[in-house]
Amino acid sequence: MSWAAHELETYVLRKHTTAKVSWLGIIFGAWVSDMFTKLPVYGWKIGSFSLKASVPYKYHRGWPGVGFTHSLSFGLIVASVVLVLARNRAWFVGIIIGQASHVFTDLGDSVGTMVFFPGTTQRYTVGTWAYAAQQGRYGDAAAYYSSLGGAWDLLWVLIVLAGWKVLSRRFFLDHVRPADPAWDWMARRFGVTQRGQLALYRAFFIYGASRALSWTLWARLRNPRRGQETLDLTWGGPDWVNKVPRANEAWTMVLRNTAVGAAVFTVLVLLAWRLVVRRYWLRAT
Amino acid sequence: MTEPARPDPSALETGGSDRAVVRRAHRVELAVYVFAAASLVVLGMFLTSKILNWIIGPVYVIAVVTLVTPLALRLAGVPDPYRRRKASEEPVRVEEARP
């Protein structure tokens, strides 16, 4: 999993998307996969009530489990529901882009994602950093920000800063706000001023960058186990964590699963277009 | 404390001399963003997930920017070009005044 890249990527995606697309839709799409499913991964306790997945990675990325939220089909379903309810094309496109970015970004850890679910439960991964959610929130933070995962987050901070104009007032007023009626609705319904709207737009960059930097500093300076949990920028690291290893599967099996999964996904897209999306797309603005 | 002089709306619309005022206001606002980021990093090191979570983190940034910026502008003696106006006042079209 990525800790801050999901938010940071939204600015780059918005900047380089020429179609009319909602940035709010992109950020919602980038979060929707984890929005309602993440709490049991680390565990959650209020009084005597506790909620924790017995095997976090199977729950989070597998089937049975909520791993379907990290598939392209899930993005299509969520975007279609929003299209039906909001009748807005920019949100539909934004959610699809944002959710797909989440699915592909999470290929970076050692567990990966079921990109073509439900056609296949094959998980795809490049295994750049260790999936260590089973170590709890702090163990995962220490592992992630001691590995290439943290470097990945910091790379996205630099990419956004290199194209800093995407954070400018001009870009917001010329490109972000006109593409999405939600900003005007916020102003009318809640009296959100231009400063407030701009703050909302920029907040996710500030939050993502600060989160990456803050957890990195925590891992290096305040982590009680920092003596053992050292920086390890090797592929698939850090070595000191009890990570979920990459599945060792035959390439022929992976190719077969991919062919089936991609075919089923294509059929789903065509069905969704014919049965739901086309009708509401034509009525939408 | 007396209310700082407000920029002339017509000058803002035509990009007149009050452009400098808007530019100063933007600089103050930028400083507030830097403060929000720095304070979030420092607080995050100690409070960790209590403040660095998906809800509190962005809300903290928005709250700091929207609440501290007007105060910072007053302290700096710069008129706030985005202050919400009464219906009777002529709206300031700040968008056209961007450099």
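I'd like the mean, over residues of B:43-54, of how many other protein chain beta carbons sit within 10 Å of each residue's own Cβ.
Mean shielding count: 5.
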>> At R0 = 45 Å, how high is the FRET efficiency between B:Lys50 and A:Arg274 if r is their beta carbon distance? Nearest 0.05 is fine.
In response: 0.40
>> For A:Gly43, what residues show an amide H to amide H distance below 5 Å, using hydrogens built from the backbone and excluding near sequence neighbours?
In response: A:Ala53
> In the calculated pair distance distribution of the stretch A:1-123, what percentage of Cα-Cα distances lie above 25 Å?
Replying inline: 26
>> Greater than 23 Å separation of Cα atoms is the criterion. Which listed pairs, A:Lys38/A:Lys243; A:Lys58/A:Lys243; A:Lys38/A:Lys165; A:Lys58/B:Lys50, meet it?
In response: A:Lys38/A:Lys165; A:Lys58/B:Lys50
> For the stretch A:5-283, what ratio Rg/Rh do Cα atoms give with a Kirkwood hydrodynamic radius?
Replying inline: 0.99
> For the charge dipole of the protein assembly as shown, defined by +1 on Lys and Arg C-beta atoms and -1 on Asp and Glu C-beta atoms about the Cα centroid, which residue among A:Gly237, A:Gly136, A:Phe28 has the Cα displaced farthest towards the positive pole?
Replying inline: A:Phe28
> How well do other chains shield peptide A:88-100, expressed as the mean number of their Cβ atoms within 10 Å of each residue Cβ?
Replying inline: 0
> Sorting A:Leu8, A:Leu167, B:Leu47 on the 10 Å Cβ count, fewest up front, what's the list?
Replying inline: B:Leu47, A:Leu167, A:Leu8
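Order by neighbour count: A:Ser2, A:Ser110, fewest other Cβ atoms within 10 Å first, most last.
Least crowded to most crowded, the residues run A:Ser110, A:Ser2.
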> Among B:Ile51, A:Ile95, A:Ile46, which comes first, then next, by fewest other beta-carbon atoms within 10 Å?
Replying inline: A:Ile46, B:Ile51, A:Ile95
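Using the Cα centre as the reference, give the magnitude of the dipole from point charges on the C-beta atoms of the protein assembly as shown (Lys, Arg: +1; Asp, Glu: -1; all else neutral), rounded to the nearest 20 debye.
For the protein assembly as shown, the charge dipole is close to 580 debye.
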> Once Lys and Arg get +1 and Asp and Glu get -1 on their Cβ, which of A:Ser71, A:Ala162, A:Leu271 lies farthest toward the positive end of the dipole of the stretch A:5-283?
Replying inline: A:Leu271
> What are the ³J(HN,Hα) values, in whole Hz, obtained from phi via the Karplus relation 6.51 cos²θ - 1.76 cosθ + 1.60 with θ = phi - 60°, for each residue of the stretch B:39-55 in sequence order, with x given for Gly and Pro?
Replying inline: 5, 5, 5, 5, 4, x, 5, 9, 8, 6, 5, 5, 10, 8, 8, 5, 9
> For the residue pair B:Val34 and A:Leu39, what label-to-label distance in nm results when each label sits 7 Å from Cα along the Cα-to-beta-carbon direction?
Replying inline: 4.0
> Any idea how far the Cα center of the stretch A:1-79 sits from the one of the stretch A:258-285, in Å?
Replying inline: 21
>> Of A:Val55, B:Val42, A:Ala179, which is farthest towards the positive pole of the protein assembly as shown's charge dipole, taken about the Cα centre with +1 and -1 on the beta-carbons of Lys, Arg and Asp, Glu respectively?
In response: A:Ala179
>> Counting only other chains, and only Cβ atoms inside 10 Å, what mean value do you get across the residues of A:186-197?
In response: 3
>> At 0.36 nm per residue, and after removing the present C-alpha to C-alpha distance, how many nm does the segment from A:His16 to A:Asn242 gain when stretched out fully?
In response: 77.5 nm
>> Give me, ordered by chain and number, the residues 5 or more places off A:Gly237 or on other chains with an amide H under 5 Å from its own placed amide H.
In response: A:Ala130, A:Leu148
> Using the Karplus equation 6.51 cos²θ - 1.76 cosθ + 1.60 (θ = phi - 60°), what ³J(HN,Hα) coupling, rounded to whole Hz, does each residue of the stretch A:204-217 give in order, writing x for Gly and Pro?
Replying inline: 6, 6, 4, 5, x, 5, 5, 4, 4, 5, 5, 5, 4, 5
>> Under 5 Å between amide hydrogens, which residues at least 5 positions from A:Thr113 or on another chain qualify, with H placed 1.01 Å from N in the peptide plane?
In response: A:Tyr124
> Which of these, A:Ala272, A:Ala130, A:Ala142, has the largest mean-square fluctuation under a Gaussian network model of chain A (Cα springs below 10 Å)?
Replying inline: A:Ala272
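Read the figures in this text as sums done on the coordinates, not as results from a lab. Only a predicted model underlies this, so the values are computations on that prediction, with no experimental measurement involved. All Cβ positions, even for glycine, are placed from backbone atoms using ideal geometry, and neighbour counts span all protein chains on display.
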